[in-house]
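J.: Quick one: the structure is below, questions incoming.
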Amino acid sequence: MSRIFSRDHTVIGKQYFFLALFAAFAGMLMSLIMRYHLIYPDKKVGLFAALWPSAAAGGIMTPELYLSLMTMHGTIMVFFVLTTVPQSGFGNYFLPLQIGAEDMAFPTLNMLSFWTTLLSLLTLLAAFFVEGGAPLSGWTAYPPLSALGAIAGPGQGAGQNLWILSIAIFCIASLMGAINFIVTILDMRTTGMSLMRLPLTCWAWFLTAILSLFGFAVLLAAGLLLLLDRVAGTSFFIPGGLLVSDQVINHKGGSPLLWQHLFWFFGHPEVYIAILPGMGLISTVLSVFSRKPVFGYRAMVYAMCAIGFLGYLVWGHHMFISGMSPYSAIAFSVLTIIIGVPSAIKTFNWLGTLWGGKIRLTTSMLFAIGFVSLFVTGGLSGLVLGQPALDLYFHDTYFVVGHFHIIMGVAAVFGIFSGTFYWFPKMFGRMLNESLGKLHFYLTYVGVFMIFIPMHFLGFAGNPRRYPDFKEFTFMEKLMPLHVFTTHAAFFTAAVQLLFLFNLFWSMKRGIVAAANPWNATTLEWTGPGEVHHGPYEYGVPGRENDFVPQTEKA
Amino acid sequence: MPIAILVWLVTAAVTYFFAAQYWWFPPPINQHGLAYDEHFHRMLVVSGVIFILAQVALGWLVVRFRDDGKRSTYSHGSNKLELLWTSATAVLFIGLLMLGQHVWADVHLAKAAPNALRIEVLAKQFAWSFRYAGPDGKFARTDMKLMNDASGNPFGIDAKDPASRDDKTAGALRVPVGVPIELILRSRDVIHNFFVRELRIKQDVVPGMEIPLLFQADKAGEYEIPCSELCGLGHHQMRSRLIVMERADFDRWVRESE
């Protein structure tokens, strides 16, 4: 019992890791079902009929089932994968080790945050099994669609309620986690571990925790207001004078835009919640496997602080064409473009870290290099979307889908892979198989470009997102070859992930037994705790026999 | 080594397909569209150059500095370089943004021309309706209780209002060529989105709000209007057409009785 309901941060870290692993494969499976349906909308699929006897009666998927899968895919991936592994999984396991603390500041609270997260996931999945099925309003749940109840479509009844509940529970779990991270970093660092000697991973977890604290608090409030609109007859988000399915709606005075402001006030920082820990990690990995200090440690810290701070001032770029004042769009666009500057600083510093290095291409390093490549690719399309002038065409097209999947989805996932290969020896005492790992990396790297680059072209042609099929429009029918290619690339890339799954479970039992410090790294999770004498990235130090000086050794 | 080659190959392939423009925007049909395309082209060239430089550099660094037994260069960075690339990117990014602001301003900060033709747009799950004031230039009174799609009155026009006699309701958006248009966008239920690719304009249609949208179409033809904000299970079927007509044809159409 005490091993399941453990208060030990290493056990909790692994619990989060495996919860997210399950969620990632569930979310990926949903995306495959969607991609298949998009190119064969009229094909009878026995599997669909078996899974959803009513929503896919006879094997043909209804549009509402497609939209439910889309909603659940987005929700699962954003909350239970991208928010969960980099912060709660790796953070829980390695933050105390890296700062020389015995455990997190509040171990019981830590245990509670994990079990609350699991409850949240189960609540979300339950939406598939209630009357009407899962909600279809997308992971952004814009009202009035999300606020009107079953009259707005199947899944908008009980399913949408469960969705809101699940998100509210997730917010509570994240708030508990955030407080724990902040207190641990501020209060439990070992002797000599000043803030400017923290590994960049710890800085990233610290800033992410602060972002979570404010972001999830606002999302929790917004979710409760939405729930009240649905069950208590309030009108926070529903304006007067609505006629839905020939019925007059008895609400008045609410504002649909209010939800968008609240949601994106959380939703944009959420992007950085997903990516900051990856940035911290790959900074470390590039340094370790280049055998060089991180280029511009201080600049990296300031850039992350700037991204965290500015991340709160740019939410309006999701709303350029929402009907808000066109003048605020200009203000938000200036702030949005400015956030590109610290992002560019980080990229330059990563390249600077490689410069003059002694580069070892381990699988972890390959994924870190892949991260930089993807970050540049997705960052540039962000430069386009951050401008209201250009968003006039691209908003809600596949260009946006391509952009955020590359930068928020795949780059963050590359961070997770890099971290898994880097820390696996510590977590499981064995090494992941490197040959299998490299094969997995190469195929995945090519695969994700094949999936998400064509989506940019679909965006050029104006193909809207969130369409269950493209039969109604002449111009979209002509784009089907791109969709066909994308679907095949998605199946290929998903199949490649089985290599990773196999490697993970096989290496846990059969992998080569790991040395205590297999990468010759300097940080405390590898060397064991002790008094800290200097910064975390002393590699290639001249005049030393070893090419690295652990933080616990005097320089 | 394979990683560098792979990064370069992917870069070459991506660059090729962006430059070849096999899948591209439809040609614009107005001045705004031309200005849009010009600014987008500028962004594409600049981002293309950054994309190629960054990816080529990434691959090159991995090849050049691979482990060959020598020690690495011990360096914690350079403040001079940090300052250089921080200011360079800031100037470049802000500059690009400023160069495009007029494209936004022309659509959203301009006032409607005095001779602009006003057309009401009503979106609902899952259809579009358009209302013309007719020769008297007045939109008749509407009442929610009178809204009835089956009898062809989605706007709820009050027949007792004399201004209603020449109001015209249609399922497609017909406009005369070369005339400034002011759309008044309204929704009856959830959020929808008005999008015409050839106009390079997209605007959410939000219940509880009346959102004006200015445009002009300079080329006759038919263009599709796909709803571009998720509005429910029929979202993908919410289609209408923009029909740009010669002035004489348009006037004839307006005079025709329903």
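The values are calculated or read from the model by the stated rules, or taken from the named source; none is laboratory data. It should be emphasised that the depicted structure is a prediction, and the values quoted were computed from it without experimental measurement. Glycine also receives a Cβ, built like all others from the backbone with ideal geometry; neighbour counts cover every protein chain displayed. These accessible areas exclude ligands, DNA and RNA; they are computed on the full protein's heavy atoms, side chains included. Shrake-Rupley method; radii C 1.70, N 1.55, O 1.52, S 1.80 Å.
J.: Expressed in nm to one decimal, what extension gain is obtained for the pair A:Phe502 and A:Trp115 from 0.36 nm per residue of sequence separation less their Cα-Cα distance?
T.: 136.6 nm
J.: Convert each backbone phi in region A:168-179 into a coupling constant with the Karplus relation 6.51 cos²θ - 1.76 cosθ + 1.60 (shift: θ = phi - 60°), then list the ³J(HN,Hα) values in order as whole Hz, x for Gly and Pro.
T.: Calculated HN-Hα couplings, in order: 4, 5, 4, 4, 4, 4, 5, 5, 4, x, 4, 4 Hz.
J.: Residues with amide H under 5 Å of A:Asn463's amide H, sequence separation 5 or more or different chain, H placed in the peptide plane at 1.01 Å from N; which?
T.: Amide H neighbours of A:Asn463: A:Tyr398.
J.: Mind checking the per residue accessible area of the protein assembly as shown for me, 1.4 Å probe, whole number of Å²?
T.: 36
J.: Apply the Karplus curve 6.51 cos²θ - 1.76 cosθ + 1.60, θ = phi - 60°, to the phi angles in region B:221-232 and return the couplings in whole Hz, x for Gly and Pro.
T.: x, 10, 9, 7, 10, x, 4, 10, 9, 3, 10, x
J.: Moving on. In deg cm²/dmol, rounded to 500, what helix-only [θ] at 222 nm does chain B give when every DSSP H run of at least 4 residues adds -39500 (n - 2.57) and the total is split over its residues?
T.: Helices in chain B give a 222 nm mean residue ellipticity of -12500 deg cm²/dmol.
J.: Testing the spin-label approximation: label points 7 Å from Cα along Cα→Cβ at B:Ser78 and A:Arg544. State their distance in nm.
T.: For the pair B:Ser78/A:Arg544, the computed spacing is 2.4 nm.
J.: Oh, and also: For chain B, set up a GNM with springs between Cα atoms under 10 Å and report which of B:Trp60, B:Trp85, B:Trp128 has the largest fluctuation.
T.: Checking each option, the largest mean-square fluctuation is seen for B:Trp85.
J.: I'd like the mean, over residues of B:204-216, of how many other protein chain beta carbons sit within 10 Å of each residue's own Cβ.
T.: 5
J.: OK, next. Gain in length, B:Leu53 to B:Asp68, computed as 0.36 nm per residue apart minus the alpha-carbon separation, to one decimal in nm?
T.: Numbers: separation 15, 0.36 × 15 = 5.40 nm, distance 2.50 nm.
Length difference between fully extended and current span is 2.9 nm.
J.: Taking all protein chains in place and a 1.4 Å probe, what share, in percent, of the accessible surface of region A:4-113 do carbon and sulfur account for?
T.: Here carbon and sulfur together make up 69 percent of the probe-accessible area.
J.: What list of ³J(HN,Hα) values in whole Hz, one per residue of region A:356-367 in order, does the Karplus curve 6.51 cos²θ - 1.76 cosθ + 1.60 (θ = phi - 60°) give from phi, with Gly and Pro shown as x?
T.: x, x, 10, 7, 10, 8, 6, 4, 4, 5, 4, 5
J.: Over chain B, with a Gaussian network built from C-alpha contacts below 10 Å, which listed residue (B:Thr15, B:Thr73, B:Thr89) shows the highest mean-square fluctuation?
T.: Residue with maximal mean-square fluctuation among B:Thr15, B:Thr73, B:Thr89: B:Thr73.
J.: How many square angstrom of accessible surface are buried between A and B, both sides summed, with a 1.4 Å probe and rounding to 100? List each step's numbers first, then the result.
T.: Numbers: alone 21550 and 16480 Å², together 29070 Å².
In total, this chain pair buries about 9000 Å².
J.: Now for a different question. Averaged across A:372-383, how many Cβ atoms of other chains sit within 10 Å of each residue's Cβ atom?
T.: Mean number of neighbouring Cβ atoms from other chains: 5.
J.: What is the distance in Å between the Cα centroid of region A:231-296 and that of region B:109-144?
T.: When both Cα centres are located, 34 Å separates them.
J.: I've got another one for you. Counting only protein heavy atoms, probe 1.4 Å: which residues of region A:294-311 lose 40 Å² or more of accessible surface in the full assembly compared with their chain by itself?
T.: At a threshold of 40 Å² (probe 1.4 Å), the residues of region A:294-311 that become less exposed are A:Phe295.
J.: Using Cα pairs under 8 angstrom and six or more residues apart, how large is the relative contact order of region A:278-514, in percent?
T.: 22
J.: Still on this model: Rounded if a/c is under 1.5, else prolate if a/b beats b/c, else oblate: with a ≥ b ≥ c from the C-alpha gyration tensor eigenvalues square-rooted, which is chain A? Could the numbers behind the result be given before it?
T.: Numbers: a/c = 1.65, a/b = 1.56, b/c = 1.06.
It comes out prolate by the Cα gyration axes.
J.: For chain B, modelled as a GNM with alpha-carbon contacts under 10 angstrom, which of B:Ser151, B:Ser75, B:Ser47 fluctuates the most?
T.: B:Ser75
J.: Which FRET efficiency value, to the nearest 0.05, is calculated for B:Ala105 and B:Trp24 with the Förster distance at 22 angstrom and r the Cβ-Cβ distance? Write down the numbers at each step before the final one.
T.: On the way: r = 26 Å, r/R0 = 1.16.
It comes to 0.30.
J.: Another one. Between A:Val334 and A:Ala306, what is the spin-label point distance in nm, taking each point 7 Å from the Cα along the Cα→C-beta axis?
T.: In this crude spin-label approximation the distance works out to 1.7 nm.
J.: While we're looking at this one, here's another question. What translational diffusion coefficient, to the nearest whole µm²/s, does region A:266-346 have by Stokes-Einstein, given a Kirkwood radius computed over alpha-carbon pairs, a temperature of 10 °C and 1.306 mPa s viscosity?
T.: Answer from the Stokes-Einstein relation: 114 µm²/s.
J.: Does region A:341-408 come out rounded, prolate or oblate by the C-alpha gyration tensor, with a ≥ b ≥ c the root eigenvalues, rounded set by a/c under 1.5 and, if not, prolate when a/b is larger than b/c and oblate if not? Could the numbers behind the result be given before it?
T.: On the way: a/c = 5.21, a/b = 2.13, b/c = 2.45.
Judged from the Cα gyration tensor, region A:341-408 comes out oblate (a/c at least 1.5, b/c at or above a/b).
J.: Rounded to the nearest 0.05, what FRET efficiency is calculated for A:Met480 and A:Ala516 with R0 set to 56 Å and r the Cβ-Cβ distance?
T.: Plugging the Cβ-Cβ distance into 1/(1 + (r/R0)^6) gives 0.50.
J.: Using just the helices of chain A, give the 222 nm mean residue ellipticity in deg cm²/dmol: DSSP H runs with n ≥ 4 each add -39,500 (n - 2.57), and the total is spread over all residues, rounded to 500.
T.: -21000 deg cm²/dmol
J.: If you don't mind, another one. With both partners inside the protein assembly as shown, how many of the DSSP beta bridges are antiparallel, as a percent to the nearest 5?
T.: 75
J.: Select from region A:240-256 all residues whose loss of accessible area on going from the chain by itself to the full protein assembly reaches 30 Å² or more (probe 1.4 Å).
T.: A:Gly241, A:Leu242, A:Leu243, A:Pro256
J.: Check B:Glu224: other-chain or 5+ apart residues with amide H under 5 Å from its amide H, H built from backbone geometry?
T.: Hits under the 5 Å cutoff: B:Leu242.
J.: Also: Around A:Ile60, which amide H atoms from residues at least 5 apart in sequence, or from another chain, sit under 5 Å from its own amide H, with H modelled in the peptide plane?
T.: Amide H neighbours of A:Ile60, under 5 Å, 5+ apart: A:Val45.
J.: Related question: For a test of the definition: using alpha carbon positions, the gyration tensor, and the 1.5 limit on a/c, classify region A:278-514 as rounded, prolate or oblate. Working shown, then result.
T.: Numbers: a/c = 2.66, a/b = 1.32, b/c = 2.01.
Oblate.
J.: Of the lysine pairs in region A:278-514, how many meet both conditions: Cα atoms under 26 Å apart, and a spacing of 8 or more in sequence or different chains?
T.: 11
J.: Once you average over the residues of A:459-470, how many Cβ atoms of partner chains fall within 10 Å of each Cβ?
T.: Taking all residues of A:459-470 together, the mean is 6.
J.: A further question on this structure: Applying a 10 Å radius around every beta-carbon, put A:212-219, A:30-37, A:399-406 in order of their mean neighbour count, most first.
T.: A:399-406, A:212-219, A:30-37
J.: Sort A:431-444, A:90-103 for me by packing, meaning the mean count of neighbouring Cβ atoms within 10 Å per residue, highest on top.
T.: A:90-103, A:431-444
J.: Ok, one more. Which value, in Å³ per residue, describes the convex hull spanned by the Cα atoms of chain B?
T.: Taking only Cα atoms, chain B has a hull volume of 179 Å³ per residue.
J.: Could you look at region B:141-181 and say what percent of its accessible area is carbon and sulfur, using a 1.4 Å probe and all protein chains?
T.: Of the solvent-accessible surface of region B:141-181, carbon and sulfur hold 51 percent.
J.: Related question: So, with a 1.4 angstrom probe, what is the percent of accessible area on region A:278-514 that is carbon and sulfur?
T.: 73
J.: Mind listing, in residue-number order, the residues in region B:25-46 that have at least 20 Å² less accessible area with every protein chain present than in their own chain alone (1.4 Å probe)?
T.: B:Phe25, B:Tyr36, B:His39, B:Phe40, B:Met43
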